[in-house]
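Working notes, beginning with the structure itself.
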Amino acid sequence: MISAPGPAPMQLAALADQPRVLVRRGGSPRPGAQCVVYWMQRALRIAGNSALDVAVRAANILGLPVVVYFGVIPNYPNANLRHYHFLQQGLRDAAEDAAGLGIGFVVRRPPDTLEAFLEETRAALLIGDENPCREPERWRKVLAKRLTIPYWTVDADVIVPSRVFGRSFTLLHHFRPHLKAELPKFLVASPKVTPLHPWKPSKALSSFSLSSDITAGFKKLDRNVTPVDTFTGGSRAALRRLGEFLRSGLADYGENRNHPEVSGTSRLSPYLHFGNIGPLTIALAVERAVHSGKILPETGEKFLDQLIGWRELAVLFVRHEPNYDNWDCAAPWARQSLLEHAADARVYRYSLEQLERAQTHDELWNAAQREMVSTGWMHNFMRMYWAKKILEWAPDPATAFDWAVILNDRYELDGRDANGYAGIAWAIVGKLDRPWFNRPVFGLVRSITSASFFRKFDAAAYIRQKGAGKDGRLQEK
Ligand SMILES: Cc1cc2nc3c(=O)[nH]c(=O)nc-3n(C[C@H](O)[C@H](O)[C@H](O)COP(=O)(O)OP(=O)(O)OC[C@H]3O[C@@H](n4cnc5c(N)ncnc54)[C@H](O)[C@@H]3O)c2cc1C
């Protein structure tokens, strides 16, 4: 039974009954509880975090404080030092922001566990966030079976909660009408939620100090992929980046987004991936810029089509496709066509190591690979070219898919993300695309030739910028 008197059970039931909330384990909150715990996994931010908002509302109903728990996992799938470094920068911002609002913030590392923490704090209930990728979803399912307190998760990193659609879509233009119908309900500012019962420092809990390296002692961690200084993690840097983009990038986005030699896109993808900023915050800021008359409506729409249309299409793809990161997700027409072309002569063939070291005959491709390795990010236009060429040069499409995933996840700060798997599936196995003209190797999968690609932008300038200087080379392993 709920220890709080009055209408708490009904209020809690209403809170759980929202499309964004999934009740993974029902039941009543622990009697005599001391707090509500928010298990922060994906949405690494305090402001504009609907999962934290649900935790705060639940805590306010129960008359309890909120504590955020972040468990640092030593072997997060495919994460390396570059990713952990960015993660740690984000954790510092989140810890500071939480303290300012009277929300507890605890970082723990193994052998500490979330379950032990829930007992130590006598948590009333557990709120978590969501991520469509396989491993974090598996952890949530395992945890839901073991817990004895209620456990809800909140779909905090999309604008329209994925469960509203309940399916994936084959093409963006199939998805758009469904999205358009839902956006008026979800593309709105959420009311501000303030914790009514601050976490008292007297109830001090031990927390790993964020002035120390969160990866210290992680023996199996890949430290060869080093941190980059092109991006600083955290909500503060994310908001600064958004502000700069609104001031000096968005107005020309329609034109510049197809020019990798110009820094014309938002570069917000690492922040979105780590949840340092939510898509709603970005979309509302863009809408405000359009309403102020500073930005043309069609420019705002182009950007939102990427941020909401393509991004949420990618999330639905990963959520509903168990093989999202391998060749088995191929569109049936693409699979058949690629197999028919399996024996086609490949003029150039490279090994994964040659690709990783940007040692191909194609200077444009090498420049893109260097951009990714040395800055942790690659321009969208170049990502398309990069993946298409891997299909052309790998022994077969299944291997091409695997290699693209390995490199993308290893070097991109925004890698290991639904967008990356969808982008690679689009480029290599025709997912979220339609059949094109029959060509050697590619079959009906859309191809990009270097000659046509060179005509679209100043490729020579891009190659010059990403020149094989000292910092562009891979570290010797
Ligand atoms: C082969 C390939 C691999 C990719 N790998 C990743 C990846 O690992 N992580 C990742 O976040 N994106 C990936 N993308 C999608 C896209 O290239 C990046 O999201 C974009 O380049 C990020 O730069 P930006 O933030 O400046 O984008 P902007 O143009 O400023 O767009 C704003 C936001 O919209 C979203 N977005 C833009 N383009 C796309 C797209 N085509 N698909 C889905 N969402 C999009 C992103 O969240 C992006 O941050 C990949 C695309 C391809 C073709």
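Between residue 248 and residue 180, the modelled label-to-label distance comes to 3.6 nm, taking each label 7 Å out from Cα in the direction of the beta carbon.
Ordering 75-82, 101-108 by mean Cβ neighbour count within 10 Å, with the highest value first, yields 101-108, 75-82. With the charge dipole of the range 364-477 set up from +1 on Lys and Arg Cβ and -1 on Asp and Glu Cβ about the Cα centre, the Cα lying farthest toward the positive end among the listed residues 460, 415, 403 is that of 460. Multiplying the residue separation of residue 464 and residue 342 by 0.36 nm and removing their Cα-Cα distance gives an extension gain of 40.4 nm.
When DSSP beta bridges are restricted to pairs lying wholly in the range 8-157, around 20% turn out antiparallel. From helices alone, the chain scores -13500 deg cm²/dmol at 222 nm; the rule is -39500 (n - 2.57) for each run of n ≥ 4 DSSP H residues, then divide by the residue total.
Expressed in nm², what is the orientationally averaged projection area of the convex hull enclosing the Cα positions of the range 8-157?
8.4
Neighbours of residue 193 by Cβ distance under 10 Å: Lys/Arg scored +1, Asp/Glu scored -1, total +1. If both residues of a DSSP beta bridge must be in the chain, then about 20% of such bridges are antiparallel. Size estimate for the range 327-472 follows the Kirkwood approach: the inverse of mean 1/r over distinct Cα pairs works out to 15.3 Å. Which of the three applies to the range 304-370, rounded, prolate or oblate, going by the alpha-carbon gyration tensor with a ≥ b ≥ c and a/c under 1.5 meaning rounded? Oblate is the answer for the range 304-370, as a/c is 1.5 or above yet b/c matches or exceeds a/b.
Could you give the angle, 0 to 90 degrees to the nearest 10, between helix 397-411's Cα long axis and the longest principal axis of the Cα atoms of the chain? Taking the Cα atoms of the chain, the angle to 397-411 is about 60 degrees.
Inverting the pair-averaged 1/r between distinct Cα atoms of the range 235-320 gives 13.2 Å as its Kirkwood hydrodynamic radius.
Shown for the chain is the translational diffusion coefficient from the Stokes-Einstein equation, using the Kirkwood radius over Cα pairs, a temperature of 25 °C and a viscosity of 0.890 mPa s: 104 µm²/s.
Tell me, what is the FRET efficiency for residue 263 and residue 34 to the nearest 0.05, using R0 = 45 angstrom and their Cβ-Cβ distance as r? Approximately 0.40, to the nearest 0.05. Find, among the chymotrypsin sites (Phe, Trp or Tyr not before Pro) in the range 319-354, those assigned to loop by DSSP (not H, G, I, E, B) with at most 14 other beta-carbon atoms within 10 angstrom. Here the sparse-neighbourhood loop sites are 348.
For the residue pairs 220/389; 389/431; 431/466; 294/456; 220/388; 388/456, alpha carbon separations beyond 21 Å are given by 220/389; 431/466; 294/456; 220/388.
Each value in this text was obtained by applying a stated rule to the coordinates, not by laboratory testing. Here the structure is a predicted model, which is why all the values come from computation and not from measurement. Counting neighbours? That spans all protein chains shown, and the Cβs are built from the backbone with ideal geometry, glycine included.
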